[in-house]
Amino acid sequence: MGITVKEALKTKGLDQAKLICGENGLYREIKRVSVIECPESPEMFIEGDFFITAFYALKDDSDAQLEMVKALVEKKSSGLCVINLYLDDLSDDIKQYANETNFPIMFLHHTVPYAEIITNIMYSIIQKKDEDLIEMLIDSLLQSEKDKSEILELAKKINPYFQEKILIIYLNDFLKDIDENYRGFKEKMQLPPYWSLVKYKEGILLISSFPNQKKFNARFIENFATDVINKIKSVAKSKNIKLKSGFSNIHNLEDLPKGLNEALIAGRIANQMNYKSTVFYKDIGVYKLLLDLNAIAEDKLKKFSNEIINPIKEYDQEHNAKLLQTILCFVENDGDLNKTAKDLYTHVNTVRYRINKVKEILNMEHLNLEFFYQIIIALKIHSLHLCLAI
């Protein structure tokens with residue numbers, strides 16, 4: 001387990017480096033980091049090595065520099081950081097070879113201490129191992145039934161300071177949206193010790209815990225949600241971040257798997273909604289019924305949804321239309337034509353025309369309430385299956 005070169009480029013010290021070639025190799029995994037100044041036996045290299053060098057012994061020999069880079073690539077090293085003490089650039093042959101083999105090479109100013117680079121990368125590797133372990137613990141909680149003692153034991157491994165009550169938030173696809181290193185973001189959040197911020201899939205889980213005597217009501221949860229979302233927005237560097245969050249119900253710590261599952265479902269449903277950024281599990285309504293039905297009749301639900309959704313999709317593709325987007329927005333706005341028009345930046349008559357066009361495509365011109373019942377259920381089944389597929 002290690003970190004990618006892309007992640008390493010966000011660590012303190014190396015964040016000042018300038019990538020000069022091998023950009024397509026930023027996915028390479030760093031397992032250890034070291035300094036290389038003199039030609040060494042390739043047998044000393046291992047897969048995942050990331051090296052720092054000033055090319056002191058080879059500063060006047062570009063051919064030897066190229067041979068060293070070739071040896072690193074052959075041994076599946078992850079990348080090379082060149083300190084600009086003796087060189088300001090590398091030969092075109094080296095850069096061409098690095099680009100062809102997807103081997104990232106970067107330059108860094110000589111005033112950045114080697115020790116800072118090595119320490120911060122190794123610390124990130126250790127942190128990554130801890131994160132992977134916690135993600136495995138969460139998978140274990142979600143994938144198999146456990147008794148209360150097992151759940152509490154796993155919960156304490158995630159965070160020994162968890163209190164009796166929990167409320168969980170899932171931010172879906174969040175890690176794709178922030179510009180900085182996740183660990184830096186986590187540190188800036190400055191959470192209480194009895195809360196945990198955990199990477200999970202492409203998002204993050206914020207497991208907040210409270211003492212048993214805490215009084216919970218709808219207003220508390222709404223205020224809590226607003227405060228947490230505002231804090232995340234203020235800490236995250238990205239100006240264009242679009243937070244899609246799902247909130248669980250309040251649970252006892254021994255019901256951690258249930259809370260995790262609720263937050264994940266709510267977060268993924270929020271991610272499918274274009275015009276709603278926060279979803280509370282308690283408010284997902286018919287989705288709860290559909291989840292139960294999906295467990296026993298998934299194929300029938302898919303068939304029902306596809307018979308309604310697919311013709312609309314096909315029409316959109318053939319005519320470059322926006323019928324599905326419009327009908328989805330209309331449903332999310334509880335059938336409010338004016339609000340739908342506002343969200344879509346279009347005229348209310350255009351919305352009305354598109355809805356009538358959907359009726360025509362589905363041969364439901366003669367239906368009114370029944371049309372909306374069917375379209376709502378079909379869209380919710382469609383969204384549900386998108387969520388469950390993640």
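Values in this text are rule-based calculations from the coordinates and carry no lab data. Every value quoted in this text rests on a predicted model; they were computed, and no experiment measured them. Here the Cβ positions follow ideal geometry from the backbone for every residue, glycine too, while neighbour counts run over all protein chains shown.
Can you tell me which of 6-14, 208-216 comes out highest on packing, and rank the rest after it, using the mean Cβ neighbours within 10 Å? Please report the intermediate quantities before stating the final value.
Values: 6-14: 20.4, 208-216: 13.2.
Output ranking for 6-14, 208-216: 6-14, 208-216.
Give the label of the value calculated from the structure for Kirkwood radius over Cα pairs in Å, choosing from [x] 21.3; [y] 24.5; [z] 22.1.
Read-out taken from this structure: [y].
If I stretch the segment between residue 214 and residue 302 completely, what's the gain in nm (0.36 nm per residue apart, minus their alpha carbon distance), one decimal? Display every interim value, and only then the final one.
Values: separation 88, 0.36 × 88 = 31.68 nm, distance 4.24 nm.
Additional length available on full extension: 27.4 nm.
Taking only the alpha-carbon positions of region 45-146 and ignoring solvent, what does the Debye formula give for the base-10 log of I(q)/I(0) at q = 0.11, 0.24 Å⁻¹?
-0.46, -1.31
In the structure shown, do any of 242/339; 129/300; 233/359; 129/282; 6/146 have a Cα-Cα gap over 30 Å, and if so which? Walk me through the numbers before you get to the answer.
Numbers: 242/339 20 Å; 129/300 42 Å; 233/359 41 Å; 129/282 34 Å; 6/146 38 Å.
Flagged as over cut-off: 129/300; 233/359; 129/282; 6/146.
In deg cm²/dmol and to the nearest 500, what is the mean residue ellipticity at 222 nm of the chain if only DSSP H runs of at least 4 residues count, each as -39500 (n - 2.57), divided by the residue total? Don't skip to the answer; put the middle values down first.
Values: 14 runs with 199 residues, N = 390.
Rounded to the nearest 500, it is -16500 deg cm²/dmol.
What aspartates and glutamates sit close enough to residue 322 to cross-link, taking a C-alpha to C-alpha distance under 17 Å and skipping anything fewer than 8 places away on the same chain?
Excluding near neighbours in sequence, the set is 314, 332, 343, 360.
Run the reach check for residue 59 against aspartates and glutamates, Cα to Cα strictly under 20 Å, same-chain hits fewer than 8 apart removed. What comes back?
By straight Cα distance, residue 59 reaches 37, 40, 67, 88, 89, 92, 93.
Quick test of the membrane-span-like rule: which DSSP H helices of the chain reach at least 27 Å along their long axis (C-alpha atoms) with mean Kyte hydropathy at least -0.5? Mind dumping the intermediate values first?
Numbers: long enough: 114-143 (43 Å, 0.27); 286-319 (37 Å, -0.55); 369-388 (28 Å, 1.38).
For the chain, where a helix must reach 27 Å along its axis and average at least -0.5, the hits are 114-143, 369-388.
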